[in-house]
Amino acid sequence: MIRSINTKMLLLVFGILVTTALVLMLFTKRDLRQKILETEEHSVKNVIYLVKLNIENQYGSLLFHKLSTLEKRKIEMKKLTALVVSNIERFQEQHQQGLLGEDEAKASALDWITTLKCDDDSCFFVYDEKGTVLAHPDRALIGQDVSDLKDIKGISLFRSMLQTAKTRGDGTTIFTWHCADPSKSTAKLGYFTYYSPLKWMIATAVNVEDIELDSRKRLTAIIKDLKKTFGNVRIADNGSLFLFTGKNELIIPPKSADGALANAVNLLTGNLLLDDLKAASHHPDQPLEFIRQGTNGEKLGPYVSYVRYFKTLDWYIASDTLQEELMIPVRKAVLRQIALIACIFIVSMVITFFLVRRISQPLKKLATYARDLPNHDFSSPEVSPEISSLPARYRDEVGNLAEALVFMEEALRRYIINLRETTAAKERIESELKVASDIQMSILPRTFPPFPNRTDFDIHATIKPAREVGGDFFDFFFMDDDHLFFTIGDVSGKGVPASLFMAITRTLLKAHASGAALPDEILYKVNNKIAEDNESCVFVTVFCGILTVSTGEVIYSNGGHNPPLIILSGATRYLGVPKGVALGAIENAPYLIGKLTLQPGDVLFTYTDGVTEAMDPQGELFSNQRLLEELTALRNDSIQEMSRHLMERILTFADGAEQSDDITMMLLKYQGR
C-alpha cells in the first residue's frame, strides 16, 4: 500500500503541510507576538502624544487670549497717561506765563491727579525719585515712602520702574496694591513713565484679576474637554488615560481606580505609583510596568503605562493598560493562524487525493511503457496506440509526458550525443555566469551596517540585477575620519560587458577619490580616463558625493544620473542637481558641484533608473511621482526597512513582469553627533 504512488504523494503532501505548519508556527509566533505588541504599544504612545498636542494647542490659545487682553490694556493705559502728562505740562506752561507760582503749579497738578479715578479698581498716582508718594486717590498714602514695595517677582517695584522709565521712557509690571480703598488690595497691571522736568514718576494701575479669572475658567473648560476626550479613548479592552499634577493631585482619574490612585503604591518598586510615573515621563517611549493593590487588598496588574509631561502646567498624561489585555490580539492572531492552516490542510489533502488519483492511472501505463522502452526496436516507426492516444485524452502534464515519451522514442538515437554536448556546454556557461555574478557582488559592499561603531550616520544599499550580472553599482568608503565618499552608477547596456565596464568605473572612482579631491574633479578625471579609446561607445551615469560627518554638509556632483531625493522629517522632495554628461561620452566634459546640509534624521536617497522605469504587465512605468509618494509614506521607517519595503512595492507593482533593468538604491541617513 505504501509503495503505491497514491499513498506516497498523499504522505508527501501531508508531510509537507505538517512541516510547513510547524515551521510557520515555530518561527512566526514569536515575531507575530512582538509585532502585534509593538503595534498596540505604538498606538498607545500615539494617543498620548496626540492628547499632549491637544493640550498644548488649547493652552496656547488660552495664553494668547490672556496676553492679547493685557496688551490692549497696556495700550489704553499708555494713552491715558499721555493725557495726564499733557495736563501737567499745561500747569507748567501757566507757571512759565506767570499765572501760577512754581509750587502752586505743582500742587495744582498733584491735586488734579489725586482726584482722577477710572473706576473702583484703577487709578493714577505720582511719586518722586526717593519713592515718596506725591499723589494718590488714597490721601493717607500721600507723603509715605513706598520704595520697599515689591512686585510679583520680589523686585523693588518703584525703584525698578524708576530705573526702567529713565532708561526706556516707560515700563510695565504686575504688582499687588490698592487704589481708593486700602482693604481692597488686588493684582494690578501698572504703567510707569518718567516726567523729567519735575523728576516725577507718573503711574496708572488697573485691576487684572478679571483676566486671571477668565484664564481659570478657560483652563477649567480645557479640563472638561479632556475628560470627554479621555472617556472616548479606548485602549485595549479596559485601558484608559488619566491626568495628574506634579503635586500628585489627580485631575482626571483612570476608569479603573478613581481617586484611590493618588496614594497607590507600585508593589514592584515600593514607591508611590505617581512618583514612578513622573520618573517614567523622562523616557516617554519606554513603558512603566506596575502592580498596585485593589480596594479589597488584592493585587492588580501587571499594568503597562506610558507617560508624557506637559511642563507649562506641570501636568502628566499617562495610560494604564493591563498587560494581559495587550496579549489578547496576539492570542486571537495565533488562533486565526491555526484555523487558517487547518482549513488549508484539509482542502489541500482533499484536492491532492483527487489529483493524484487522476494522475496515477495513466502514469502506471507510462511507467510500463518506459520500462519496456529499452527493448523497443528504434528502427520501427510504430508506436503503441494505447500510449499515442494519451496526449489527446489528457491536456496536461500527463499528456505532455506521454507525448514526450513518444517523441523520445523517435528522437533518442538522433539526439543522445548532441544532448550530452549541449548539457556540458550549458553547465559550463551557467557556472561561469554564476562565478561572474559572485565576483561582481563581492566587489560591492555587502555588510550592513558597514560601520557599526558609527552612530552619527547610517547607510544601506540594495541591488537586484536584471540578469546574472549587471551594470549597476554603488560604493562608499571613508576618505578620512570625517569625510565619507559615496557613489552610485548605471552602465549602459546589460550583461557581461556592462559588468566589466562597471568594475572598471568603480575602480577608477575609488582610485581618484583620495586626498582633498572634490566630486567634480573626481568625475572629470574618471570621465577622461574612460573616454580614452572608448570604441564600444559605452557610457556610465554616476552620482557621487562627500559627506562631512561632523557638520552634515554634502558636496556632490552629477554625471547624467537620476536626481536623488532628500527625505526630511516633514517632507520628501527631489534634490536639484547640477547638469553633467554621462562618463565616457565626451572627453574634458565639465562637471559642477552642488551642496546641501543634512540635519539629524534627514535621509538622502539615491537610485538607478531601474527603480522608476520598472514596468507592470501593461507597460506602465513605476515613475518618479510614484517613487516620491512611496518614500513619503515610508519616511518614518528605518533606512533598512525603507529599502526593503520599497523593493517589495516595486516588485508588487511589476506583478510578475520581466525585469528590464537592474534595480539599485542606496540610502544615507544623517544622525548627527
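Each value in this text was obtained by applying a stated rule to the coordinates, not by laboratory testing. Given the structure is predicted, the values throughout are model-derived calculations rather than measurements. Quick reminder, even Gly has a Cβ in these numbers, built from the backbone with ideal geometry, and neighbours come from all protein chains shown.
Observations on the model:
- Here the stretch 95-110 and the stretch 230-280 have alpha carbon centers that stand 70 Å from each other.
- Shown in residue order for the stretch 626-634 are the 3J(HN,Hα) couplings computed by the Karplus curve 6.51 cos²θ - 1.76 cosθ + 1.60 at θ = phi - 60°: 5, 4, 4, 5, 5, 5, 4, 5, 9 Hz (x for Gly and Pro).
- Applying 1/(1 + (r/R0)^6) with r as the Cβ-Cβ distance of GLU289 and LEU67 and R0 = 30 angstrom yields a FRET efficiency of 0.10.
- Cα-projected label distance for SER442 with ASP145, points at 7 Å along beta-carbon direction, nm: 9.5 nm
- Base-10 log of normalised Debye intensity for the stretch 244-358 (one unit scatterer per alpha-carbon) at q = 0.10, 0.14 Å⁻¹: -0.45, -0.64
- Those residues of the stretch 528-562 whose amide nitrogen sits under 19 Å from the label point placed on ARG673, 7 Å along Cα→Cβ: 546-555
- Charge dipole (debye, nearest 20) of the stretch 555-646; +1 at Cβ of Lys and Arg, -1 at Cβ of Asp and Glu: 360 debye
- Ordering of 94-103, 495-504, 589-598 by burial proxy (mean other Cβ atoms within 10 Å per residue, highest first): 495-504, 589-598, 94-103
- Peptides ranked, highest mean first, by Cβ atoms within 10 Å: ranges 602-612, 325-335: 602-612, 325-335
- When peptides 203-211, 526-534, 83-91 are ranked by their average number of other Cβ atoms within 10 Å per residue, the highest-first order is 203-211, 526-534, 83-91.
- Across the stretch 545-561, rounded Karplus estimates of 3J(HN,Hα) from the backbone phi angles (6.51 cos²θ - 1.76 cosθ + 1.60, θ = phi - 60°) give x, 10, 9, 8, 5, 5, 10, x, 6, 10, 9, 9, 9, 10, x, x, 8 Hz, Gly and Pro being marked x.
- Note on LYS510: lysines with a C-alpha under 23 Å away, same-chain residues under 8 apart excluded, are LYS464, LYS494, LYS525, LYS529, LYS579, LYS595, LYS669.
- Total formal charge among the other residues, if their Cβ is under 12 angstrom from that of PHE457, Lys/Arg +1 and Asp/Glu -1: -1
- Potential lengthening of the chain between GLU648 and GLU298 amounts to 120.9 nm, from the contour at 0.36 nm per residue minus the alpha-carbon distance.
- Anisotropy class of the stretch 444-670 from Cα gyration tensor, a/c 1.5 cut: oblate
- Per-residue Cβ neighbour counts within 10 Å put TYR309, TYR303 in the sequence TYR309, TYR303, beginning with the fewest.
- Extension reserve of the LEU50-LYS199 stretch, reckoned as 0.36 nm per residue once the Cα distance is removed: 48.1 nm
- Remark: the GLU324-LYS224 segment gains 32.9 nm on full extension, using 0.36 nm per residue and subtracting the alpha carbon distance.
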